[in-house]
1. Looking at Arg213, is it touching a Pro at 6+ places or on another chain (Cβ under 9 Å), among the basic types (Lys, Arg) and within 16 Å of the ligand (Cβ to nearest atom)?
2. Would segment 450-460 turn up any residue that is within 16 Å of the ligand (Cβ to nearest atom), touching a residue at least 60 places away in the same chain (Cβ under 8 Å) and open to solvent by 50 Å² or more (accessible area, probe 1.4 Å)?
3. Which helices (runs of 4 or more DSSP H) sit wholly inside segment 462-519 and have at least 3 residues that are of a type outside the set (Gly, Ala, Ser) and over 25 Å from the mean Cα position of the chain (by Cα)?
4. So the check is Cβ under 8 Å with 6+ separation or different chains; which pairs have a first residue in segment 265-279 that's among the aromatic types (Phe, Trp, Tyr) and a second one that's more than 12 Å from the ligand (Cβ to nearest atom)?
5. Of all residues in segment 55-94, which are closer than 30 Å to Trp134 by Cβ and in contact (Cβ under 8 Å) with a residue 40 or more places away in the chain?
6. Looking at segment 3-16 only, could you name the residues that are surrounded by 23 or more Cβ atoms within 10 Å (Cβ to Cβ) and assigned to a helix (DSSP H, G or I)?
7. Out of all the residues in segment 338-362, which are assigned to a loop (DSSP other than H, G, I, E, B), open to solvent by 10 Å² or more (accessible area, probe 1.4 Å) and of a type outside the set (Lys, Arg)?
8. Being out of contact with any strand residue (DSSP E or B) (no Cβ under 7 Å at 6 or more places or on another chain), of a type in the set (Gly, Ala, Ser) and open to solvent by less than 20 Å² (accessible area, probe 1.4 Å) is the requirement here; does Ala122 meet it?
Amino acid sequence: MALLVSLWLAGVANWPLWRSLLSLPENGNGHGLLFATGFVLMLAALHVVLLTLFAWPRGIKVVAAVLLVPAAAAAHFMGSYGVVIDPTMMTNVLQTNFTETRDLLNGRLALSLLLIAALPLAWLWRLPLQRLPWRAQLGRNLAAAGAALAVLLAVLFLLFADLSSAMRNHKSLRYQINPLASFYSAAALVRQAQATPRLPPQPIGLGATLAARDAGAKPPLLLLVVGETARSDHFSLNGYARPTNPALAGLGVVSFRDVTACGTSTAASLPCMFSHLGREGFEARSREHENLLDLAWRAGLAVLWIDNQAGCKGLCDRVPVVKAGEGAPPALCSDGECLDEALLHGLDDRLSALAPERRARGVLLVMHQMGSHGPAYWRRSPASAKPFQPECETNALQQCDTQALINAYDNSIAYTDRVLAQAVGWLKTRRAEYDTTLLYVSDHGESLGEKGLYLHGLPYAVAPSEQTKVPMIAWSASAPRLQCLAGERDRPLRHDHLFHSVAGELGIQAPEYRAELDLFAPCRAP
Ligand SMILES: [Zn+2]
């Protein structure tokens, strides 16, 4: 039974891995086929070694199910969307919610679960088990494990050169080994969680102050819109050929064209975007720190996080938070999800509900968009905002015509354009009391079938630019500042700039602030 399950896992449940291996240019010949076959054998042998540990009458069938069910699900996601199951992807899996999950359920997932897990399990479940005395069973298991180990080592010896070069050159291959990558990544998260002491985050901005304002100068109101899954090259402001930004184009906004994200998924990008550490410092951190919102709060500003998504990944734990759907008209919300226009609903009331003494010093409003969250892109725009037709209306993306998929995605971008333009419109109504600024930046991009990849979340080192290049757009009530910022629009920027730009714009003086990462600094009046 251990042998059968292992062959099934290695041969069938790993079809996305075999497809990736065989599509590598260096494997496009007879030798490549031999290498892939050897790899199947090695994987099967490895699974036999593991399964023989559990090859006891009480354990084997349960363990087979524990391996086959995740393997069937992972095979579907890897095979359909080109994702891999590394620790970051496992974080995304663990942080997801009902509506996000619902967007991913489809017939192909059910088929994968049926064919790869349910059918073999149904067959296995009915197989009678032979009960041997435990010594005899142990002897058998050890013999099987020994034989499998011998096969594993023999193939490893023969293929070592190919194997080490494939694993070195294509690091994400290891995260396609199914289902072991899932278990490895889950274990890595547990280890990481245990290694990081459960301490409150390290405070930042202790002693932060606000720059003195000229007499009669208005307090700042900065609206930071955190975009979702928007890729830079689908914004007509950045040169995209389709008119995806008709509303913003008329408002004189500045679109920064070369902005690199900190991660390729929400869970990876958001904490890093709001951190003062920058990508490298954030990756290397030994403990958690407070973030930009805490800094603004500590400096005495009014802060509000308005969420239209699966939450703020812990960023907004210590500041006021409101759900976009609260009080929004029913037309904007259905099935537990809201269109992004809900973020703009009742903003005046939300603003006046914040503490007056804080508002007098300045306001940081953060809107966390639903944006272009996939794969159900067509759900991200209302019927009145779908200029690109026909739309792909299934989450089984590879079943759609590529153009229909891009249409649905571009409609979500065009809708974001409308939402941002309305946000600017609202900021204009508050100009009398506040010095208003809008800053929009997406958390990561998206693959739309390029190189056979869909969605996002590939390991950063191998992620294509479609997943890492993000739009960033600024608007200011001051025309000279906008003109100055326009001169900066081709400057290479990163998410690393976000913390310092927002802090600088709000006049926060803190030890963590670095002027060289403040994109507004060159355009601030001395
Ligand atoms: Zn995201």
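The values are calculated or read from the model by the stated rules, or taken from the named source; none is laboratory data. Please read these numbers as outputs of a predicted model, since none were measured by experiment. In this analysis, Cβ positions are derived from the backbone assuming ideal geometry, glycine residues included, and neighbour counts consider all displayed protein chains. Each accessible area value is taken on the protein alone, full model and side chains, heavy atoms only, with ligands, DNA and RNA left out. Shrake-Rupley method; radii C 1.70, N 1.55, O 1.52, S 1.80 Å.
1. Numbers: touching a Pro at 6+ places or on another chain (Cβ under 9 Å): yes; among the basic types (Lys, Arg): yes; within 16 Å of the ligand (Cβ to nearest atom): no.
When the stated conditions are applied, Arg213 does not pass them.
2. yes
3. Working: elements: 465-468, 479-486, 496-505.
The qualifying helices (runs of 4 or more DSSP H) are 479-486.
4. Cβ pairs passing all conditions: Phe274/Asn291; Phe274/Leu292; Phe274/Leu293; Phe274/Leu315; Phe274/Leu498; Phe274/Phe499.
5. The initial filter retains those residues of segment 55-94 that are closer than 30 Å to Trp134 by Cβ, namely 55-71.
Correct list: Ala55, Trp56, Pro57, Ile60, Lys61, Ala64, Ala65, Leu67, Leu68, Val69, Pro70, Ala71.
6. Our first condition is that a residue be surrounded by 23 or more Cβ atoms within 10 Å (Cβ to Cβ); within segment 3-16, this holds for 5-6, 9-10, 13-14.
Matches in segment 3-16: Val5, Ser6, Leu9, Ala10, Ala13.
7. Taking segment 338-362 first, the residues assigned to a loop (DSSP other than H, G, I, E, B) are 339, 345-346, 353-355, 360-362.
Imposing the further condition that a residue be open to solvent by 10 Å² or more (accessible area, probe 1.4 Å) reduces the set to 339, 345-346, 353-355, 360-361.
Passing the criteria: Leu339, His345, Gly346, Ala353, Leu354, Ala355, Ala360.
8. no
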